[in-house]
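Each reported figure results from applying straightforward, stated rules to the coordinates on display, with no laboratory input. The structure presented is a predicted model; accordingly, all values stated were derived computationally and were not measured. When we count neighbours, we look across all protein chains shown, and the Cβ atoms used for this are built from the backbone with ideal geometry, even at glycine.
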4 protein chains.
Amino acid sequence: MGSIFGNLFRISTWGESHGGGVGVVVDGCPPLIPLTEKDIQTDLDRRRPGQSEITTPRNEADQAEILSGTFEGQTLGSPIAILVRNKDARPEAYSEMAEKFRPSHADYTYQAKYGTRNWQGGGRSSARETIGRVAAAAIAKKVLAAKFAPDLEIIAYVKSIKNIEANVDPETVSFETVESNIVRTGDPDAVEPMVELVKQMRGEGNSVGGVVECVIRNCPVGLGMPVFDRLEADLAKAMLSLPATKGFEIGSGFGGTLLTGREHNDPFRMEDGKVRTTSNRSGGVQGGISNGENIVFRVAFKPTATIMTSQETVTTDLKDTELKGRGRHDPCVLPRAVPIVEAMASLVLCDHSLRQKAQNG
Amino acid sequence: MGSIFGNLFRISTWGESHGGGVGVVVDGCPPLIPLTEKDIQTDLDRRRPGQSEITTPRNEADQAEILSGTFEGQTLGSPIAILVRNKDARPEAYSEMAEKFRPSHADYTYQAKYGTRNWQGGGRSSARETIGRVAAAAIAKKVLAAKFAPDLEIIAYVKSIKNIEANVDPETVSFETVESNIVRTGDPDAVEPMVELVKQMRGEGNSVGGVVECVIRNCPVGLGMPVFDRLEADLAKAMLSLPATKGFEIGSGFGGTLLTGREHNDPFRMEDGKVRTTSNRSGGVQGGISNGENIVFRVAFKPTATIMTSQETVTTDLKDTELKGRGRHDPCVLPRAVPIVEAMASLVLCDHSLRQKAQNG
Amino acid sequence: MGSIFGNLFRISTWGESHGGGVGVVVDGCPPLIPLTEKDIQTDLDRRRPGQSEITTPRNEADQAEILSGTFEGQTLGSPIAILVRNKDARPEAYSEMAEKFRPSHADYTYQAKYGTRNWQGGGRSSARETIGRVAAAAIAKKVLAAKFAPDLEIIAYVKSIKNIEANVDPETVSFETVESNIVRTGDPDAVEPMVELVKQMRGEGNSVGGVVECVIRNCPVGLGMPVFDRLEADLAKAMLSLPATKGFEIGSGFGGTLLTGREHNDPFRMEDGKVRTTSNRSGGVQGGISNGENIVFRVAFKPTATIMTSQETVTTDLKDTELKGRGRHDPCVLPRAVPIVEAMASLVLCDHSLRQKAQNG
Amino acid sequence: MGSIFGNLFRISTWGESHGGGVGVVVDGCPPLIPLTEKDIQTDLDRRRPGQSEITTPRNEADQAEILSGTFEGQTLGSPIAILVRNKDARPEAYSEMAEKFRPSHADYTYQAKYGTRNWQGGGRSSARETIGRVAAAAIAKKVLAAKFAPDLEIIAYVKSIKNIEANVDPETVSFETVESNIVRTGDPDAVEPMVELVKQMRGEGNSVGGVVECVIRNCPVGLGMPVFDRLEADLAKAMLSLPATKGFEIGSGFGGTLLTGREHNDPFRMEDGKVRTTSNRSGGVQGGISNGENIVFRVAFKPTATIMTSQETVTTDLKDTELKGRGRHDPCVLPRAVPIVEAMASLVLCDHSLRQKAQNG
């Protein structure tokens, strides 16, 4: 319970940061979708550690093996199991954590909930768990492209790091622009100040957070379900299930509460035979269902909890103590969060596409 | 699909704004919980229309009938079905909507998805649907109190309407303070300006939105599950499933992205033999699991889409036209949203309490 | 938990034999399916008590009210709630049951599980609960006919009562033949002996059981899913979820274990351009998936537990005692079980049709 | 969809007979349960091929690797992933099957459903898939023993092969007796005739089926849920989800339909302060809920479909042809089915124990 996501495109992730590996089982994938390990590797490489000078130096190739569910380069319709071995684990770096709870980490709550925890790294709460999501999402993207939305584009990018805000137009930002810089922002002018800030933070043993924005273009009309499974509700759950997230907003978001209804409503107009809105404060979703406009949402990521300075904390036998962070960590998770946000959005859209087809196709 | 919420305390809501009624079936409720229709009515009365001068004048008593699942004033452990009849429906007020899509409503997306819709009011997208949620949550609260958390307090309040912000301390705000004013804010000084603003908006045929904040006090440690069913993920889904919501944040939220890790982390300290944090930027949840501190989150509600001025829109046969709002609507949903936010939080906590008991109890 | 059935065509039944009523909520029904209360009433009338001289004299009109989910005679795609009031309840007939557990009933196990029970009749374990299933299945049948299998025929009939076996050919038996006699058997020669036996049993205050056979003709190829949701697995669960059932077999069933593989295998042959089998010991399902041949299965119903003679039992305060059955009961549930078996088969096929469409449509 | 089983102890199996391997992910396992690979291996060894002269000579060590979810020899509460590599696969033995559908196998229906299939062996329909179930059940048994029913015994045995019936008393049969013979029957006198029959069948290139009976002793009172998730319904689904099964019956089963109610009812009596029944035609379940008596059920397995003689069939391009079985197969699946039946029963009981604890614990 808790490691399964989706209704029809159902994924089951597993694995701790230290142990045999991490992976995922995808149940419900349509058959005859071309799929090789390379499709998955491309996305895994975007999230893997050690990919640039501003991410963690933990060096994992994160090589994916497809164990089942494909035959002669295509999906069979049966469960697709994917395995990524843990290689560059260094449990010894965590020995102090066996006895001390790291502040703003999951150590204490896992211990309190389960009466045990794998203290060698983040265990199940490690961002390493997202490998399974990204691998599953690589398949979801192929399904979406082959069966539901050939022109679909899901593009996430760093919107802000701390107080440095990028100037990005969701209508036009390109995947290439985002991937062209190690911050993964959509604003070339923001790259340098962001890189500088992250480096400075790392130098100080400190960390920063920020906001990832994501735009979904050419999404079919009709995805999402009243009442509980509104598209924005499932996107919110998907995003808030990511480590280090603190907020989600779609369209006008929190800022939209400063407008009146007259200012906020999106008028409808016919355009090229299609029902369109002349503004998009709805963020592409109305009544929980996609309306064909760009879906735009933002996710807040807090500053990385692991910092290299001494902090107050308590021991597992409940005594006050201090702890100084060790291990290999990202001073800022944002650049690597970008492909993960895209992954979660892909999983939500793929699941809702299958649900839409079942009921209304 | 879409109208069922929860894993172990599973609710199934049904009903349109115009038709036989609305209601809910609760499956999985523990037995021997004292429950009468009065328990449910108290909460329904807090969300019902026509309760004050700043809400919609639609006058519905919203009388709940328990059809099953109780015996001699206690739950049986079998499904509890609750029915609320629609009484003061006026479909004639909506005849124009049969042919025109209301901007920023669900009319167009429902029509596009299903090829049909009940245009007599909001249909399934009406806020009237939340009656089922509130009724189910009245039961959830009784379960929580009887079985899991006798001292639990779930208190929501209006944090802001448009640019008027209330000054409320989540540590101390009381249910009585919130209920003592028709805005349902926790700040007595904010009541009058907020009421004035809403009245002014209604006078202009306009509308406003705002932010509801909710604090959960005395929540047991250990609720929430890695990975996908983190407590904040399920709260986010619950809140974003409410009509008119555009954002969710927990603890430091979006504002927390402006801090460094050193400023943001919550140090642990022992206090009265308990592990506590000396600050609460985590918002009571770490690693997806409650840590015993106050859970504090905020939900953004957009301004009501129905406004009484002419707006551009299109007809169901795809021609440009104009539409002026009619019918009876809230110029500001916030006061009535307060009990609904509490209801959704109760449902999430009750479900997670049962899940926690199953695996770790 | 426990009162929800189906994945995509998901039904949630509720209600006790004595209380406000019984009913069902259907979530996931496709839109634009013609549906009126009359469609549902026809099937409810086939299962209702008091319909013939060999069923219980409890006289319930079992009038169905559709509370939501339809508009202008068609489904909306939103949840369909159906309510049937309890009318001819006589709780006073059950007062003795408040203190004594009826042998081979659910009284003791419900009390042991929940610490309470509605002793006024069968409570939740009453066959009255199947009203919700039959009502939901009336909708499922319309969906199947409109969207998936226009020529589908689901025909159940009494195959045996005690040792009287009917001679029925599943290939040719007609609905009209079955409905033409009050036993609902497909063999006109078996009607009289069966009626006589039931009457004799009732005269003696005794009861009998038997076997219902069901044939599904013109089922599309491809329904059912490896591994756990094989069509026969879901049919077995559906049938064993019915009160008083003790066994399920498909195709050759238990008798098939007496054959060798050479005798048992169904050879494939081309026929009119279709892959057919020249025998059908598989019962229309191979590898858990329908192969286009007739699906034939049988369900064993034990003799009715309520008998009018004195039996040994224990009291709720755990003392040995005796109990003589009272109340109005069927001396043989088989005739009324026939439409319920058909109903469960319809629900399984409708759900699997939607699942098949989602993944492979 | 289709490869996930259970509500709270949720397993997700994956894998084809030929490919990277087979395995399972178990989500929802309680923490702190002692678990090593050896626990799992013991059960896998009981189901593995090549274990005796009457099973398939395919020689697979079926070595299980636990990839996640344990730490220092105990479960963590996080998903437990288990991998078993395919080693002795011989796809070349199946080349003819690429073009011909094997009679009474899943070849045709898989091809028809998915438009593709892994024809190298049984693919997903192979009995090899049950490795994941047996591995997961090894964990379920440890959970049951540690948390819910320390004295629980789940003992299956071959009740009949073709027309040779074993004489076994479910009250007293021991695990040791069953495991002491290669047929896995509980009747020492039946061993030799059964072995002889299987050898004779293999000699003739033919096959046989039979019935496995299973008794569950010392099951707690109260497991199972009205309405759809009755214990017998979930057992029936579990058993009919196994390859080659054609029937399920519990307690008196089909034979019980020959009795009258007076003969069939189980009288209650107090015994040692407990409510007991003096007969057990209910088979340990009443109203869908365990009553503390022995749970006794039977499962029919058809004769193995693969036989070594020529049979009529069709080609994948829809022409009539003939096919003679090849590959390594069991002439009788019963001996290896015994641990698998026990495994499925364990999974059902573990899931229902967790559900019972959640609602009524």
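Output the pairs from D:LYS38/D:LYS142; C:LYS100/D:LYS357; D:LYS141/D:LYS357; D:LYS162/D:LYS246 with a Cα-Cα distance over 20 Å in this structure; if there are none, say none. Walk me through the numbers on the way to the answer.
Numbers: D:LYS38/D:LYS142 12 Å; C:LYS100/D:LYS357 26 Å; D:LYS141/D:LYS357 16 Å; D:LYS162/D:LYS246 14 Å.
Among D:LYS38/D:LYS142; C:LYS100/D:LYS357; D:LYS141/D:LYS357; D:LYS162/D:LYS246, the Cα-Cα distance tops 20 Å for C:LYS100/D:LYS357.
Count, for each residue of A:301-313, the Cβ atoms from other chains sitting within 10 Å of its Cβ, then give me the mean as a whole number. Write down the numbers at each step before the final one.
Details: counts 2, 11, 12, 4, 7, 2, 5, 2, 3, 0, 6, 7, 7.
If you average over the peptide's residues, the count of other-chain Cβ atoms is 5.
Please compute the length gained on full extension between D:GLU192 and D:LEU32, using 0.36 nm multiplied by the number of residues separating them and subtracting their Cα-Cα distance.
53.2 nm
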Checklist line | Simple spin-label estimate for D:ASP272 and A:GLU271 in nanometres, 7 Å along Cα-Cβ | finding: 7.8
Next item on the list: Run the numbers on chain C and let me know its relative contact order in percent, using alpha-carbon pairs under 8 Å that are six or more apart.
Entry: 22
Next item on the list: Shortest first and in nm with one decimal, please list how far the A:LEU32 label point sits from its counterparts in the other copies (point 7 Å along Cα→Cβ).
Entry: 2.4, 5.3, 5.7
Note to self: Please report, for B:GLU192, the nm distances (one decimal) from its label point, 7 Å out from Cα along the beta-carbon direction, to the equivalent points in the remaining copies, shortest first.
What the structure shows: 5.5, 9.5, 10.5
Checklist line | For region B:302-361 and region C:275-323, distance of Cα centres in Å | finding: 46
Next item on the list: Report, in whole Å, the centroid distance computed from the Cα atoms of region A:227-246 and region C:245-263.
Entry: 49
Margin query: Along the charge dipole of region C:236-285, pointing to its positive end and built from +1/-1 on Cβ of Lys, Arg, Asp and Glu, which listed residue (C:GLY283, C:GLY273, C:THR245) has its Cα farthest out?
Written below: C:THR245
Next item on the list: Could you point to the residue in D:GLY123, D:ALA236, D:GLN200 farthest towards the positive end of chain D's charge dipole, with +1 and -1 charges on the Cβ of Lys/Arg and Asp/Glu respectively?
Entry: D:GLY123
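Could you grab the relative contact order for region D:174-308? Cα pairs under 8 Å, six or more apart, rounded to a whole percent.
35
How large is the charge dipole for region A:240-322, taken about the Cα centre, if only the Cβ atoms of Lys, Arg (+1) and Asp, Glu (-1) carry charge, to the nearest 20 debye?
Details: 9 positive and 10 negative charges, 81 e Å.
Here the size comes out at about 380 debye.
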Next item on the list: Could you tell me which residue in chain A puts its beta carbon nearest the axis mapping A onto C, with the distance rounded to whole Å?
Entry: A:ALA358, 2
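Given a Förster distance of 35 Å, report the FRET efficiency between D:ASN163 and D:ARG326 from their Cβ-Cβ distance, rounded to the nearest 0.05. Before the final figure, lay out each step's value.
Numbers: r = 28 Å, r/R0 = 0.81.
The pair D:ASN163/D:ARG326 has a calculated efficiency of 0.80.
Is it possible to state the helix-based mean residue ellipticity at 222 nm for chain A, with each DSSP H run of 4+ residues giving -39500 (n - 2.57), the sum divided by total residues, to the nearest 500 deg cm²/dmol? What is it? Walk me through the numbers on the way to the answer.
Working: 8 runs with 95 residues, N = 361.
Calculated mean residue ellipticity at 222 nm is -8000 deg cm²/dmol.
To the nearest whole number, what is the average tally of beta carbon atoms from other chains within 10 Å of the beta carbons of peptide B:66-74?
Working: counts 2, 11, 14, 8, 5, 9, 2, 0, 2.
Whole-number average of other-chain Cβ neighbours for B:66-74 is 6.
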Checklist line | Net charge dipole size for region A:4-360 [Lys, Arg +1 and Asp, Glu -1 on Cβ; Debye, nearest 20] | finding: 700
Next item on the list: Work from the charge dipole of region D:78-219 (Cβ charges, +1 for Lys and Arg, -1 for Asp and Glu, about the Cα centre) and give the residue of D:PRO79, D:MET97, D:ASN181 farthest towards its positive end.
Entry: D:PRO79
Margin query: For A:LYS274, give me every one of the aspartates and glutamates with a C-alpha distance below 19 angstrom, ignoring sequence neighbours fewer than eight places off in its own chain.
Written below: A:ASP151, A:GLU171, A:ASP266, A:GLU293, B:GLU99, B:ASP107, B:GLU312, B:ASP317, B:ASP320, B:GLU322
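Hey, can you list the DSSP H helices of chain C whose Cα span along the axis is 18 Å or longer and whose average Kyte-Doolittle score is at least 0.0? Walk me through the intermediate numbers first.
Values: long enough: C:130-143 (20 Å, 0.93); C:188-203 (23 Å, -0.25); C:334-360 (38 Å, 0.20).
What comes out of the filter, once short or polar helices are dropped, is C:130-143, C:334-360.
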Item checked: Estimated distance in nm for a label pair at C:ASP317 and A:ASP45, the labels positioned 7 Å out from Cα along Cα-to-Cβ -> 7.9
Notebook entry, point to check: With springs only between Cα atoms under 10 Å, which of A:LEU32, A:LEU349, A:LEU259 fluctuates most in a Gaussian network model of chain A?
Noted result: A:LEU259
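Cα convex hull of region D:104-184: mean projected area in nm², to one decimal? Intermediate values should be presented prior to the final figure.
Details: hull surface 33.8 nm².
Mean projected area of the Cα convex hull: 8.5 nm².
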Checklist line | Three principal axis lengths of the protein assembly as shown [C-alpha, angstrom, descending] | finding: 83, 67, 66
Checklist line | Kirkwood-Stokes translational diffusion coefficient of region B:233-298, alpha-carbon pairs, 37 °C, 0.692 mPa s, µm²/s | finding: 252
Checklist line | Where GluC sites (Glu not before Pro) fall in DSSP loop in region C:19-61, at most 16 other Cβ within 10 Å | finding: C:GLU53
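If you average 1/r across every pair of different Cα atoms in region C:4-360 and take the reciprocal, what Kirkwood value do you get, in Å? Write down the numbers at each step before the final one.
Details: mean 1/r = 0.0469 Å⁻¹.
Answer for region C:4-360: a Kirkwood hydrodynamic radius of 21.3 Å.
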Margin query: Relative contact order for region D:1-115: what percent, with Cα pairs under 8 Å and sequence separation of 6 or more?
Written below: 25
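Considering every residue in B:200-213, what mean count of other chain Cβ atoms within 10 Å of its Cβ is obtained? Provide the component values of the computation, followed by the final result.
Values: counts 0, 3, 0, 0, 3, 2, 4, 6, 6, 9, 2, 2, 0, 0.
Per residue, the number of nearby Cβ atoms from other chains is 3 on average.
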Item checked: Top of A:VAL143, A:VAL275, A:VAL338 by mean-square fluctuation, Gaussian network on chain A, Cα under 10 Å -> A:VAL275
Check: To the nearest Å, what is the center-to-center distance of region A:128-179 and region A:70-84, using C-alpha atoms only?
Finding: 23
